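Scroll down for the structure; my scribbles are underneath it.
The values are calculated or read from the model by the stated rules, or taken from the named source; none is laboratory data. Since this is a predicted model, take the numbers as computed values, not measurements. For neighbour counting, all protein chains shown are included, and Cβ atoms are generated from backbone atoms with ideal geometry for every residue, glycine included. The accessibility values were calculated without ligands, DNA or RNA, using every heavy atom of the protein model including side chains. Shrake-Rupley method; radii C 1.70, N 1.55, O 1.52, S 1.80 Å.
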Amino acid sequence: MTSIDLNADLGEGFGHWTLTDDERLLSVVTSANVACGFHAGDAPTMRRVCELAAARGVRIGAQVSYRDLAGFGRRAMDVPPAELTAEVAYQIGALEVFARAAGTRVAYVKPHGALYNRVVRDEGQARAVVDGVVLADPTLPVLGLPGSRLLELAAKAGLPAVEEAFADRAYTDEGTLVARGQEGSLVTDPGAVLERSVDLARNGEVVALSGRRIEMRARSLCLHGDTPGAVDLARQVRDALEASGVRVEAFA
């Protein structure tokens, strides 16, 4: 039977500000990308999400980012490689404290926002992220875009490289994500999201923004938690996958 993991970005609050419905999303997803304080999240939020995830058997991933709370980690930044390596390891270590306290462990690492897109092609930044993961734990899987420099370098470093796809984001013909500022970058029609989810899981393909079908084989499917109706849509995606014969389970 075909299987796929469902991951979502969680813990993206700060102080009294909240963005994602962590508790309800954790009833749907199998992996949680937890903000580690650099683009969102703070210590109490990280601890709470780890406890909720552990109680539900959801795998915990460190969602590492550039240090950019004001820009939610979506602004382009030039960080020296040695500094980025240290900051990636720092974020993983901070989340690991709360994961262990909850009786579990950090199970994987996924970059966020501008860093995620940068390491698709930028070898220097990708290598810095991989070095940071190795510094924190040389056994951790790395989640990223198929064909990215990040996954290539992770595999060379002996880290499990896990490919993911997005049902609610538009793709270029080259298999990269369409920039958020470009028209059509987000897929907002729920029916289209469900159809794309099943297509990705069962066929390893997705329709690009141009209308062309492209190969997109992935072991994990990302569901954005910061969009209106995110929880209900996530539940519909999981139901549609299971109804089509796809087993939903964590990759880590």
Picking from S27, S148, S220, which is most flexible by a Gaussian network model of the chain using Cα springs under 10 Å? S27
With the Cα gyration tensor of the range 123-169 in hand, give its eigenvalues times 5 under a square root as the equivalent ellipsoid semi-axes, listed largest first in whole angstrom. 19, 11, 9
Heavy atoms of L153 accessible to a 1.4 Å probe, total area in Å² rounded to 10: 10
Counting only DSSP beta bridges with both residues in the chain, what percent are antiparallel, rounded to the nearest 5? 20
Taking the chain as a Gaussian network, Cα atoms linked when under 10 Å apart, which of M216, M46, M77 shows the biggest mean-square fluctuation? M77
Inter-centroid distance (Cα atoms) of the range 195-252 relative to the range 1-79, Å: 19
To the nearest 10 square angstrom, what accessible area does Y116 show with a 1.4 Å probe? 10
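Taking N as the number of residues in the chain, what is its Cα Rg relative to 2.2 N^0.38 Å?
Details: Rg = 16.7 Å, N = 252, 2.2 N^0.38 = 18.0 Å.
Here the Cα radius of gyration is 0.93 times the empirical estimate.
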How large is the dipole of the chain about the Cα centre if only Lys and Arg carry +1 and Asp and Glu carry -1, each at its Cβ, rounded to the nearest 20 debye? 320
Carbon/sulfur fraction of accessible area - the chain, other protein chains in place, 1.4 Å, %: 50
GNM top mover of A40, A161, A94 - the chain, alpha-carbon springs below 10 Å: A94
Rounded to the nearest 500, the 222 nm mean residue ellipticity computed for the chain from DSSP H runs (n ≥ 4, each -39500 (n - 2.57)) alone is -12000 deg cm²/dmol
Solvent exposure ordering (accessible area, 1.4 Å, most first) of S210, S244: S210, S244
I want to verify the translational diffusion coefficient of the range 132-230 in µm²/s; compute it with Stokes-Einstein, Rh as the Kirkwood radius over Cα pairs, at 10 °C and 1.306 mPa s. 110
